[in-house]
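The values are calculated or read from the model by the stated rules, or taken from the named source; none is laboratory data. Note that the coordinates shown come from a computational prediction; the quantities given were computed from them, not determined experimentally. All Cβ positions, even for glycine, are placed from backbone atoms using ideal geometry, and neighbour counts span all protein chains on display.
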Amino acid sequence: MATWIDQLDALLFLAGRFGWQWLLFRLGYVLCMRVGWMRFQFPPYEWDERPLASWLRPGVPAEPQAYAAWRAEHEPAFFFHGPPSLPADPPWDPQSVVQQAERILQGELLYFEHTPFPIGFPPDWHLDLHSGLRLDGRRHWSQIPDFGDYDIKFVWEAGRFPHVYPLVRAYAVQRDERYAEAFWRLVEDWAHHNPPQRGPHWKCGQETSLRLLAWCFGLYAFRRSPSTTPERLAQLTHWIAAQAERVERNLAFALSTRGNHAISEAFGLWLVGTLFPELRAAERYRKRGRALLEQEAGRHLFDDGTYSMYSLNYHRFVLHVYILALRLGELNGERFSESLYRSIARSVDFLSHLIEPDTGQMPVYGSNDGARVCPLDGCDFTDYRPTLQIGYFLTQRRRRFGPGPWDEALFWLFGEPALRSQQEPPWSPQGRGFPQGGVYVLRGRSTKVVLRCTEFRERPSHADQLHLDLWRRGREIACDAGTYLYNGPLPWRNGLAGTAVHNTATVDDRDQMIRLSRFTWGRWAGGRVLRHEPRLWQGEHDGYARLGVHHVRTVLSLEDDRWLIVDQLEGRRPHTYRLHWLLCDAPYQLDAQAGRLHLWPEAEGGLVQVGVLEKQGTLSLVRADPESTRGWRSRYYGHKEPALSLQLEVCSERATFWTLFGFQGDLVRLDGPILQVQIGGRTIEIALNRQIQP
């Protein structure tokens, strides 16, 4: 547990990193929230106190019939105008989304694109279904804490209006007017229960921006439906204008977060300015949103294609935002800069090196809050192919993958001709390093190792230097624990962000960095790559320098998809060193004395063997510990599943851990400082007490 001295040190570190102006703004914002100043800056009011006419520029009629006629004549371009006709033989199953839309009408919604919850129709907009607690929808948003006995993300999820996308997609299949009417009922009920500046749904500009996007999708999809009356159209524009103002007036806070909030809120502002030119502030919204989108891409999308939040899910999130913006810009004759297109192309290329092309899976790297900007396909949340397909087509006008369910998003954003575009030939990804994002990929014949090691340029989300993922034939063997919950009963308050659950070593049960708050680390651990060759990677980090300990990890590719990992930790006094591996949940047999774990022992399974050079260590294996974070992983927000947590601990001045990922017939033994690995009839010898060589 960090002391107040540690936390003060971490605070000073952040001030030195980002500047005192940034720190004073953040502290001042918290103070304004606590003393009630935000209630004066964002005064609550009733919808009818600021009617539509007060939001429209001169010359645009506010009377519903006249406004609807004006809108029909001046409507900007969108991805579609009314529901598009589906291809004769689409490469996805259109009926699956009809079933999802019917479940929405019956009051069931998939939270975080995975877990169904009976929320009702319309839902209780202020209920946290995870804790069962209900937030006060009449309180000013600044009076509602981010965290309490509830998880506000379970309140915000329905308020993002993820219902809209299945309803729109099902409407294209069935032309069932119940889906259009459902959209309008949901919007009207939300507005009735969420008057301006009150309740949790006015608290976050990013949540507001995602809601605005969903409402625009519904408006354009159902524009010709009998349910879309002039009165409803005028009301929707009124409600959108009020929320866009909320986003703009708090943009300074979004920019201070130095992450995806600034990008998504700039997009929300630009979206409203582009699609609703009739608003008084539209031109300002459009110009400011566009400028910020360009600016934030330059700051946060690195030159090697990686992203500053050090999270693959957040990377997909902002990539999706930019794809939508660039495509809408093309459709409205306002193309973004070529440098931004190049940044998106580099991001797509980076993710292409990590994806498993047969499943669309990625390592769960960094924070994973279950967010996708606008799901327009029936693929699983963990499948990145839909985003890479649209990103590749945007930048190359070709398809990265062959026909499949991931093509539905391509159809909605680019139309049916995109489905007939040229496909890239199958590619054979090679090992690659992305130093700015700190991601390194090594490859065997049918295996892939992904490592993390970087000198952080922005705020890290997890204390995970030198973490290693291992994939074999498309299946995760050594994996990341993910996130699970940002707020929950201990130990689940972002408890999977710490070092102990990652595939690396800890010292004295301490994190590599000092945790300042739930999401903020101080004294960032600096990583440095020492060697990066096709069969050898070596890196170090200084996260435990404050304890007088130096950690170096060496990864060796042995023949036929075997991998040897050596962790060398050295201090000036005895420490408790602990090596941890989180493994997929599989049938296993453990030989604790030999440190051998057989996975899938009844088949041609794998072997994980661990040991330590200096002295006998203590080995433990835990699966789904009900009292701690050990033995769990989370691929979807709010959902955890069992995993195998293998841990080797030793108390010494120094420790040299070794780990072999191989197969059942492999044998490993220690002869003094020499590690002998027997693979078939060949023995490989590696000296552990000096610089390790392949």
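Data overview
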{"read-out": "Filter result (under 22 Å from Arg223 (Cα atoms) and surrounded by 14 or more Cβ atoms within 10 Å (Cβ to Cβ)) within region 77-99", "value": "Ala77, Phe78, Phe79, Phe80, Gly82, Pro83, Pro84, Leu86, Pro87, Pro94, Val97, Val98"}
{"read-out": "Residue match in region 338-355 (condition: touching a residue at least 60 places away in the same chain (Cβ under 8 Å), in contact with a Leu (Cβ under 8 Å, 6 or more places away or on another chain) and among the polar types (S, T, N, Q))", "value": "yes"}
{"read-out": "Spans of strands (runs of 3 or more DSSP E) in region 447-511 with at least 3 residues touching a residue at least 24 places away in the same chain (Cβ under 8 Å) and touching a helix residue (DSSP H, G or I) at 6+ places or on another chain (Cβ under 8 Å)", "value": "none"}
{"read-out": "Region 140-163: number of residues that are assigned to a loop (DSSP other than H, G, I, E, B), of a type outside the set (Phe, Trp, Tyr) and under 19 Å from Gly107 (Cβ atoms)", "value": "3"}
{"read-out": "Condition check for Gln197: more than 24 Å from the chain's Cα centre (by Cα) and on the phi > 0 side of the Ramachandran plot", "value": "yes"}
{"read-out": "When residues of region 552-587 are limited to those that are of a type in the set (Ser, Thr, Tyr) and touching a Cys at 6+ places or on another chain (Cβ under 9 Å), the one surrounded by the most Cβ atoms within 10 Å (Cβ to Cβ)", "value": "Tyr577"}
{"read-out": "Top-ranked residue of region 103-122 - restricted to ones that are in contact (Cβ under 8 Å) with a residue 60 or more places away in the chain and over 24 Å from the mean Cα position of the chain (by Cα), ranked as surrounded by the most Cβ atoms within 10 Å (Cβ to Cβ)", "value": "Ile104"}
{"read-out": "Members of region 551-578 that are under 13 Å from Leu660 (Cα atoms) and assigned to a strand (DSSP E or B)", "value": "Thr554, Val555, Leu556, Ser557, Trp563, Leu564, Ile565, Val566, Asp567"}
{"read-out": "Set Gln235, Gln243: member being part of a helix (DSSP H, G or I) and under 29 Å from Ser461 (Cβ atoms)", "value": "Gln243"}
{"read-out": "Residue within region 680-689 that is out of contact with any helix residue (DSSP H, G or I) (no Cβ under 6 Å at 6 or more places or on another chain), crowded, with 21+ Cβ neighbours inside 10 Å and not hydroxyl-bearing (Ser, Thr, Tyr) present", "value": "no"}
{"read-out": "Odd one out for Leu530, checked against (1) over 17 Å from His462 (Cβ atoms); (2) touching a residue at least 40 places away in the same chain (Cβ under 8 Å)", "value": "(2)"}
{"read-out": "Unique match (being at pLDDT 95 or above and either out of contact with any helix residue (DSSP H, G or I) (no Cβ under 8 Å at 6 or more places or on another chain) or aliphatic (A, V, I, L, M) (or both)) among Pro425, Pro435", "value": "Pro435"}
